[in-house]
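Enquirer: First the structure, which I've put down as structure tokens, then a few questions once you've had a look.
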Amino acid sequence: MNGGLFVFSKKYCRKYKLRLSIGFLLILISNILTLFPIPYIGKSINVISYIFSDLSNFISLKKDICIYVSIILIVPIIGGFVKYHMRQCIITTSRMIEFDIKNEIFSHYQKLSSSFYKKNSTGDLMNRLTEDVSFIRQCIGPGFMYFLNLIILFFMVLMQMLRINKVLTFYVVLPIPILFIFIYYISIFIAKKSKKVQKFQSIICSFIQETFSGIYIIKLFVSESFFQEKHKKIISQYKKKNIELAKIDTILSSLIIFFIGICYSLILFFGGKKYFEGEIKEIGNIAEFFTYVNILFFPFIILGWVISISERAKVSLIRISEFLKIKPEILNTNLVKTRIFGKVEFKNVSFFYCPQRSLYNRKQYVQNYTLSKISFTLMKGKTLILTGETGSGKTTIGRLISRLYDPKQGEILVDNLSLKDHNLYNFRKNIGYVPQESFLFSDSIYNNIAIGSIKKITPCKVYNAARIAMIENDILNFKNRYETIIGERGITLSGGQKQRICIARAIIKNPKILIFDDSFSAIDQKTRREIIRYLKKELKYSTIIIITHDISYISDFDLFIVLKNGKISKIENHNIFS
Ligand SMILES: Nc1ncnc2c1ncn2[C@@H]1O[C@H](COP(=O)(O)OP(=O)(O)OP(=O)(O)O)[C@@H](O)[C@H]1O
Ligand SMILES: [Mg+2]
């Protein structure tokens, strides 16, 4: 068992201390019950040998035989019942702990900033949340149970053996320290191999996730065989790593069996010698020794699995802690919620995503600014049109206003207060964001729209948002209307339908700042105009930011900005088209 895992699981074990204590008590009872009938096996063999030596003994020993046989038969049945409850108690608790760990990681993932998700693949995140947590569960549940069971049983057996013959006990347990030295060195190899296998699991998970989310591209470009080959390559590497790990696991198990075999030989050799020399009086004692080693056989075999799972759990813990240690970059420093009106001001704002390696010196990092010295003021309730070349930084401005990222230089003010000083959650509640790439959850249309609202949701609100986004008629034409389940990422909907559901989701909470990032690109000109007309009417006090390449459908706005290479190339404060 490793220390890191012990520290990590302490708080969870504390939560379930009663259940675990009962479980450990049951381990103790089950071991007592396992060992209880063994002296009676020895006694039975002695009785049988008396009878064989003189048949007239049978009548007088009949009662003893009945008692011994009853104990040998009944006690294991009770022991089995206790074992069942012991496993139930500990393994169910480990499932509860798994539930808690998964929830903790999930909630932590949700707090992490966008940059974290850019750096790490979804497959890796999934793998750490499922496979890695599962290894930790197996280690702190069944792993720990078997380990503790072995320790308790070993010491109980040792006591019993010492009771019979001290010298023979010494010979029998002599190989065990040597076995533990082997186990120690083999476990180092297991840890190394496990690390590689678990890393590969993440790679496979990411590959599969990415392949099937882009399946239609694969079909369109007839790239099935290319991806099949890629999959084969990754899987065969994974297979190789797994076989290497399995080989070490097998060596460990074989070694344990070999050492148990040595113990048997030692009993046979030294026990037999002592019996013939008369030091051990009864043949039943030798049988007892064999039974004790037999009882240790299964726990020792399981020890191989425990070590393997403990090493895997150690690697899993490192992988999970790596993510749990990451602090969210966007912090909420203000607990006081203030009313948001929607005035947005950029003061010399500069931003870059992450430093990149220099072309000339690979050890150096250079900061390529995505946005440079952006300044503008958008009054509350006014409309900004943000346009410019591809890659000029329009989406980045939208992300900065929503505080998905913080500026590297300069300051963004909302209602004359620095955005960083606003209560983050309260501010986000006042933001309606329609992303450039429509994202929908595989749920009903109703829930996809309702997810945008934080207040108590009513069907009326959902219908109204759908009406403003001009998606109502489309929804009513679907078989299950608002309850229609859209496939993963909205696969069953057209591009324009997805965009309009995303618009409905953004406006349902009546936000004070609304950002449309190229959100009308898949919608026809007439519908675009209608949506904007509705928006202006229904959300007349909201500040609206429309990021677009095509300004032909917008006739009424207050600020017009053109971006070029992350800088403002043109800014107009009036409605230049009116
Ligand atoms: N998460 C990111 N990490 C690193 N660089 C990024 C990231 N997102 C965008 N960029 C880079 O920042 C620059 C500006 O991107 P942005 O998405 O803001 O452009 P845009 O004006 O919205 O373009 P488009 O009109 O194509 O949507 C681009 O050069 C892009 O490659
Ligand atoms: Mg963009």
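Every number in this text was worked out from the coordinates using simple rules, so none of it is lab data. On a predicted model such as this, the values are computed, not experimentally measured, just so you know. Note that each Cβ is placed from the backbone with ideal geometry, even for glycine, and that neighbours are counted across all protein chains shown.
Enquirer: Which links in K337/K570; K195/K232; K420/K526; K327/K540 stretch past 28 Å when you go from one Cα to the other? Write down the numbers at each step before the final one.
Expert: Values: K337/K570 36 Å; K195/K232 21 Å; K420/K526 39 Å; K327/K540 38 Å.
As for pairs spanning more than 28 Å Cα to Cα, those are K337/K570; K420/K526; K327/K540.
Enquirer: Shifting gears a bit: For a footprinting-style exposure proxy, rank F155, F346 by other Cβ within 10 Å, fewest first.
Expert: Numbers: F155 11, F346 23.
With the fewest neighbours first, F155, F346 line up as F155, F346.
Enquirer: Further question: Go through 402-409, 17-24 and give me the packing order, highest mean Cβ count within 10 Å leading. Mind showing how you got there, number by number?
Expert: Details: 402-409: 17.0, 17-24: 15.5.
Put in order of decreasing packing, that is 402-409, 17-24.
Enquirer: Moving on to the next point. Starting from the Cα gyration tensor of region 392-460, take the square roots of the eigenvalues, sort them a ≥ b ≥ c, and report rounded, prolate or oblate (rounded when a/c is under 1.5, otherwise prolate if a/b is larger than b/c, else oblate).
Expert: On the way: a/c = 3.46, a/b = 1.64, b/c = 2.10.
Here region 392-460 falls in the oblate category.
Enquirer: Between the helical axis of 57-111 and the dominant principal axis of the chain, each derived from Cα atoms, what acute angle in degrees is found, rounded to the nearest 10?
Expert: The angle comes out at about 20 degrees.
Enquirer: How much length, in nm to one decimal, is gained on full extension between S121 and N480, taken as 0.36 nm per residue of separation minus their Cα-Cα distance? Could the numbers behind the result be given before it?
Expert: On the way: separation 359, 0.36 × 359 = 129.24 nm, distance 3.47 nm.
Result: 125.8 nm gained on full extension.
Enquirer: A further question on this structure: How much FRET efficiency would the formula 1/(1 + (r/R0)^6) give for N510 and K11, where r is the Cβ-Cβ distance and R0 is 56 Å, rounded to 0.05? Present the calculation step by step, with values, prior to reporting the outcome.
Expert: Details: r = 41 Å, r/R0 = 0.74.
The calculated FRET efficiency here is 0.85.
Enquirer: May I ask for the net charge around I188, where only other residues with Cβ less than 12 Å from the Cβ of I188 are counted and Lys, Arg are +1 while Asp, Glu are -1?
Expert: On the way: positive: K192, K193, K195, K314; negative: E311.
Summing Lys and Arg as +1 and Asp and Glu as -1 gives +3.
Enquirer: I've got another one for you. Run lengths n ≥ 4 of DSSP H only: what is the helix-derived mean residue ellipticity at 222 nm for the chain, with -39500 (n - 2.57) per run over all residues, to the nearest 500? All intermediate terms of the calculation are to be shown ahead of the outcome.
Expert: Working: 21 runs with 349 residues, N = 578.
Taken over the chain, the calculation gives -20000 deg cm²/dmol.
Enquirer: Round to the nearest 10 and give me the degree value, 0 to 90, for the angle of helix 17-35's Cα axis relative to the longest principal axis of the chain.
Expert: 20
Enquirer: What is the distance, in nm, between label points placed 7 Å from the Cα along the Cα-to-Cβ direction at S225 and at F297?
Expert: 5.5
Enquirer: Rank the residues H108, H549 as a footprinting-exposure proxy: fewest other Cβ atoms within 10 Å of their Cβ go first. Walk me through the numbers on the way to the answer.
Expert: Numbers: H108 15, H549 11.
Fewest to most other Cβ atoms nearby, the residues stand as H549, H108.
Enquirer: Now, a different point. Size of the dipole of region 161-214 about the Cα centre, Lys and Arg at +1 and Asp and Glu at -1 on the beta carbon, nothing else charged, in debye to 20? Write down the numbers at each step before the final one.
Expert: Details: 7 positive and 1 negative charges, 44 e Å.
My answer is approximately 220 debye.
Enquirer: Next question. Determine, for each peptide in 200-209, 492-501, the mean count of other beta carbons within 10 angstrom over its residues, then list the peptides with the highest first.
Expert: Numbers: 200-209: 17.8, 492-501: 20.3.
Answer by packing, highest mean first, reads 492-501, 200-209.
Enquirer: While we're on this one: Positive end of the dipole of region 456-547, charges at C-beta (+1 Lys, Arg; -1 Asp, Glu), about the Cα centre: which of I547, T458, N480 has its Cα farthest in that direction?
Expert: Positive-end residue among those listed: T458.
Enquirer: Work through the residues other than K380 whose Cβ is under 15 Å from its Cβ and net out their charges, Lys, Arg +1 and Asp, Glu -1. Numbers along the way, then the final one.
Expert: On the way: positive: R339, K343, K382, K512, K536, K540; negative: E345, D415, D558.
Result for the local shell: +3.
Enquirer: Enter the Cα centre distance for the pair region 221-248 and region 84-114, rounded to the nearest angstrom.
Expert: When both Cα centres are located, 31 Å separates them.
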